[in-house]
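In what follows, a single structure is set out as structure tokens and then discussed.
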Amino acid sequence: MNPFDELDLDPQTLAIRAGTQRSQFGEHSEALFLTSSYVFKSAAEAKGRFVGGDEGMVYSRFTNPTVDMLQTRLAALEGAEACIATASGMAAILAVCMGLLKSGDHIVASKGLFGSSIQFFNLYMAKFGVETSYVDADDLAAYEAAMKPTTKLVFVETPSNPLTQLVDIAATAEIAHRGGALLVVDNCFCSPALQQPLKLGADIVIHSATKYLDGQGRVLGGAVVGSKALLEEVLRFLRTAGPTISPFNAWIILKGLETLDIRMKAHSVNALAVASWLEQQPGVARVFYPGLPSHPQYELARRQQKTGGAIVAFEVKGGQAEAWRVVDNCRLLSITANLGDTRTTITHPATTTHGRITPEARTAAGIQDSLIRLAVGLEAVKDITDDLARGLS
Ligand SMILES: *Cc1c(COP(=O)(O)O)cnc(C)c1O
């Protein structure tokens, strides 16, 4: 129970206020509790905490006050009952799969998932007898057709990386539920400031807190958000196996959340301006951005997300040489595949994030050699477009 529940606060306020716990010192800014363990007042108190299910700290693989504050705040932002913070986004996905799946189960996933998520499903889940079928992100009939009696999870990312294809969360939730499966949404790109999948029918939300929740490119972290009952086994896995978040990282992310709303709005304003500018450039063949009316799912984006977010992709006229010329002529933008930072990043997906798959698979995924992905940061728009213009002219 969030102590601010009865005040019916706006998410912008919850991002700053929810979850705060004060020590006996009355600190205004949340404290960082760097401690692995906790001291008990008596043998009986220790017993109560260890085996009696008593409230209170036990050991930082289980609970930590700073981590608690992050979890409460993020749960409030997603409109969820519970949140479990993890060491990274991948640790969040690992914990969900280990907690909820068993050998023989099946996953239906949207194509274009984050590369390590695909690797994880194909190498490790498969090794333990969990198969994954991939379907086009925006093809509802394909989800329906891929469902099997053993399907336990439908796992999607929306918008997709790098082409910003949207998954219709409400419609996909219905398909998953009809088949007796749970819908898991990786909400990394939008963050709860722009999209709240649980309110649209999703069961579990995954975060790479490394991205927009921190927002300044400092630490790794992740989270699983959902109902208490659903997360019970996920939590047991985490406490047993230990991909727990460091309290230090949790504190950084907790502080990052305070500016999440204002940052995501600013990222979106900048990204829309850059995307609109790109559409006007003679050297640009096509722009992919859910905030542009030219996006094939613009109407869905308006229903499902508050704004278009920070990720913009575009195809230059020509091929790899022309795309590389844009990347290499940038003097301000960072050439890196990372995203979720105040700094704008630029990447050539065909030779980096999607460089290890076959050219045929790349074409099937719609990743042309002429494609460039931007994660638009918070610099002045003119400085970003001036930088892109250097290589486009
Ligand atoms: C980065 C990312 C992840 C993995 O998160 P880490 O914190 O790097 O482990 C998962 N999903 C998406 C969409 C991501 O961008």
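The values are calculated or read from the model by the stated rules, or taken from the named source; none is laboratory data. Computed from a prediction, not measured in an experiment: that's the story for all the values here. Here the Cβ positions follow ideal geometry from the backbone for every residue, glycine too, while neighbour counts run over all protein chains shown.
Taken over segment 107-131, the criterion of being more than 13 Å from the ligand (Cβ to nearest atom) and not aromatic (Phe, Trp, Tyr) is satisfied by Ile107, Val108, Lys111, Asn122, Leu123, Met125, Ala126, Lys127, Gly129, Val130, Glu131. Residues in segment 47-74 that are free of Cβ contacts under 8 Å to residues at least 40 places away in the same chain and touching a strand residue (DSSP E or B) at 6+ places or on another chain (Cβ under 6 Å): Tyr59 alone.
Going through Glu30, Glu81 one at a time, which residue ends up being modelled with pLDDT of 95 or more, of a type in the set (Asp, Glu) and more than 20 Å from Glu232 (Cα to Cα)? Working first, answer last.
On the way: Glu81 fails: more than 20 Å from Glu232 (Cα to Cα).
The unique qualifying residue is Glu30.
Residues of segment 216-237 being within 13 Å of the ligand (Cβ to nearest atom) and part of a loop (DSSP other than H, G, I, E, B), which ones?
Applying the first criterion (within 13 Å of the ligand (Cβ to nearest atom)) to segment 216-237 yields 217-224.
Gly217, Arg218, Val219, Leu220, Gly221 - these are the residues of segment 216-237 that are within 13 Å of the ligand (Cβ to nearest atom) and part of a loop (DSSP other than H, G, I, E, B).
From the list Gly104, Gly48, which one is more than 16 Å from the ligand (Cβ to nearest atom), under 30 Å from Arg356 (Cα atoms) and either in contact with a helix residue (DSSP H, G or I) (Cβ under 8 Å, 6 or more places away or on another chain) or of a type in the set (Gly, Ala, Ser) (or both)? Walk me through it before giving the result.
Numbers: Gly48 fails: under 30 Å from Arg356 (Cα atoms).
Testing whether each residue is more than 16 Å from the ligand (Cβ to nearest atom), under 30 Å from Arg356 (Cα atoms) and either in contact with a helix residue (DSSP H, G or I) (Cβ under 8 Å, 6 or more places away or on another chain) or of a type in the set (Gly, Ala, Ser) (or both) leaves just Gly104.
Hey, does segment 170-183 have a residue that's free of Cβ contacts under 8 Å to residues at least 60 places away in the same chain, acidic (Asp, Glu) and surrounded by fewer than 24 Cβ atoms within 10 Å (Cβ to Cβ)? Yes.
Residues that are more than 16 Å from the ligand (Cβ to nearest atom), of a type in the set (Gly, Ala, Ser) and either within 15 Å of Asn187 (Cβ to Cβ) or touching a Phe, Trp or Tyr at 6+ places or on another chain (Cβ under 6 Å) (or both) within segment 77-93 comprise Gly79, Ala80, listed in sequence order.
Give Ala202, Ala193, Ala171 a once-over and let me know the one that is farther than 19 Å from Glu81 by Cβ and within 16 Å of the ligand (Cβ to nearest atom). Steps first, please.
On the way: Ala202 fails: farther than 19 Å from Glu81 by Cβ; Ala171 fails: within 16 Å of the ligand (Cβ to nearest atom).
From the options Ala202, Ala193, Ala171, the qualifying one is Ala193.
Please verify whether Ala301 is in contact with a strand residue (DSSP E or B) (Cβ under 9 Å, 6 or more places away or on another chain) and either in the same structural domain as Ile169 (by TED's automatic domain parsing) or of a type outside the set (Lys, Arg) (or both), treating the condition exactly as stated. So Ala301 fails the test. Name the single residue, out of those in segment 146-162 being touching a strand residue (DSSP E or B) at 6+ places or on another chain (Cβ under 8 Å) and surrounded by fewer than 19 Cβ atoms within 10 Å (Cβ to Cβ), that is nearest to Gly89 (Cα to Cα). Among them, the one singled out is Thr150.
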